[in-house]
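Worksheet for the structure shown next.
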Amino acid sequence: MRRPVRIAITGAAGAISNSLLFQLADGSMMGDDQPVILQLIEMPERMEALRGLAMELEDCAFPLLHTITLHDNVEEGFNNAHYAILIGARPRGPGMERRDLLEVNAEIFTRQGKALNDHANRDVKVLVVGNPANTNALIASRNAPRLSPSQFTALTRLDHNRAKGILANHTGANPQDIDGIIVWGNHSTTQFPDLHHARVLGEPVLNQIDDGWYKNEFIPRVQTRGGQIIQARGVSSAASAAQAVIHHMRDWVLGTPSGQVVSMGIVSDGSYGITKGIFYSFPVRCNYGRYQIVRGLQLNDFSLQMMKTTETELLEEKAAVEHLLPAETAASHENLSICLRSGVTLYADGTGPESASKYLTTNRVM
Ligand code: LMR
């Protein structure tokens, strides 16, 4: 049996976590031979609700659930964590745009970035779920100078899954027979759900669907799905978000199935002309605990325009929180390079191993 891994979760008594924790404790995320220690974090006034949830987890008698610890602060809750899933954030209500959340949530993620830097395991893998997820990931990462930006990711798998589900429904295909979907950019209404590389049972999707449906119905439906769910339920998506967290972390840690491409919000290394240093959703493959951007895709003018629009929104979000981004981490976020063979992270700001390293270096984000 493997040694247990420590997984810290903020917003642990909330609706997403309520769905997530039971799947996680049952092995769906880390594999069915990986014991887990859950370090659950909530606001002080929610600790009683969290205690109730912990009792329920205990009552499931999950063989893989090694230990549960409860914390009312992130500094303690992130201690030695190998994985951190940052769900807790001020949620969006009806009529609110995600950008309204920027200012309120920015402070939360500044503190969390610092706490990860000071208390988590040096190899911690971080997934930001709380909105605005991409920019929250940027804030947390920029406030964690001892960690590599490649250790931080933002959840766009929910959008990726939505695109796949809606396309499956429209074409009558089984979701498992669809591949090559890409979500570019921000987890917001500007995101670009791209079907140009998607296939159903190996056949290009765009040969099988009407271009008008793709551009006028499919794209806006995926882009606004989160808002539609809030309108209908009165609260944000929960179970589908939890499922997306499971998919994202499982693929990152255990690898994407052979040939499969998924979407992850990661720090841009300049691929496809996207400004370096922002957290942007790219097509990636994962292996051995790392992600790698899929290279060399042909992009038409329509796609480039859509990708630009969502990039512009992320740059505006970044400008709005610039005062929370320490200058000391600017260079590492804009000049990320990774040693492919050793796994050592090299920074152009000189904080990595010497430039005379015998290892191959590339500018790929992994
Ligand atoms: C979602 O996409 O369902 C969530 O991010 C909710 C939101 O605020 O958009």
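The values are calculated or read from the model by the stated rules, or taken from the named source; none is laboratory data. From a predicted model like this one, the values you see are computed outputs, not experimental measurements. Neighbour counts run over all protein chains shown; Cβ positions are idealised from the backbone, glycine included.
Looking at (1) away from the ligand (no atom under 16 Å from the Cβ); (2) within 13 Å of the chain's Cα centre (by Cα), which is the only condition Arg142 fails?
Exception for Arg142: condition (2).
Need the failing condition index for Leu297 against (1) part of a loop (DSSP other than H, G, I, E, B); (2) modelled with pLDDT under 95, just the number.
(2)
Does any residue of the range 76-97 turn out to be within 16 Å of the ligand (Cβ to nearest atom) and either closer than 20 Å to Glu334 by Cα or part of a helix (DSSP H, G or I) (or both)?
no
Could you please let me know if Ala168 is touching a Ser or Thr at 6+ places or on another chain (Cβ under 8 Å) and either part of a helix (DSSP H, G or I) or away from the ligand (no atom under 16 Å from the Cβ) (or both)?
No.
All but one of (1) assigned to a helix (DSSP H, G or I); (2) crowded, with 19+ Cβ neighbours inside 10 Å hold for Glu316; which doesn't?
In the conditions (1) assigned to a helix (DSSP H, G or I); (2) crowded, with 19+ Cβ neighbours inside 10 Å, Glu316 misses (2) alone.
All but one of (1) within 16 Å of the ligand (Cβ to nearest atom); (2) not in a helix (DSSP H, G or I) hold for Glu103; state the number of the condition that does not hold.
The one condition Glu103 does not meet is (2).
If I ask for residues that are closer than 18 Å to Ile182 by Cβ and away from the ligand (no atom under 16 Å from the Cβ), which ones from the range 215-226 would you list?
Lys215, Phe218
State yes or no: is Met29 in a loop (DSSP other than H, G, I, E, B), modelled with pLDDT of 95 or more and under 23 Å from Asn121 (Cβ atoms)?
yes
What is the one condition in (1) touching an Asp or Glu at 6+ places or on another chain (Cβ under 7 Å); (2) within 13 Å of the ligand (Cβ to nearest atom); (3) basic (Lys, Arg) that Arg157 does not satisfy?
(1)
Residue by residue through the range 233-255, note down the ones that are more than 27 Å from Asp32 (Cα to Cα) and either of a type in the set (Val, Ile, Thr) or away from the ligand (no atom under 11 Å from the Cβ) (or both). Outline the logic, then answer.
Step one: filter the range 233-255 for residues more than 27 Å from Asp32 (Cα to Cα), giving 233-236.
Result: Gly234, Val235.
Output the residue which, of all residues in the range 190-214 that are in contact with a helix residue (DSSP H, G or I) (Cβ under 8 Å, 6 or more places away or on another chain) and in contact (Cβ under 8 Å) with a residue 60 or more places away in the chain, is nearest to the ligand (Cβ to nearest atom).
Taking the range 190-214 as the starting set, the residues that turn out to be in contact with a helix residue (DSSP H, G or I) (Cβ under 8 Å, 6 or more places away or on another chain) are 190-196, 198-201, 205-206, 208-209, 213-214.
Imposing the further condition that a residue be in contact (Cβ under 8 Å) with a residue 60 or more places away in the chain reduces the set to 190-192, 194, 196.
On the way: Thr190: 12, Gln191: 10, Phe192: 15, Asp194: 18, His196: 23 Å.
Going through the qualifying residues, I end up with Gln191.
Tell me, which helices (runs of 4 or more DSSP H) lie completely within the range 175-272 with 3 or more residues that are buried (at least 22 other Cβ atoms within 10 Å of the Cβ)? Please lay out each step first, then the result.
Values: elements: 219-223, 225-233, 239-254.
Helices (runs of 4 or more DSSP H) meeting the threshold: 239-254.
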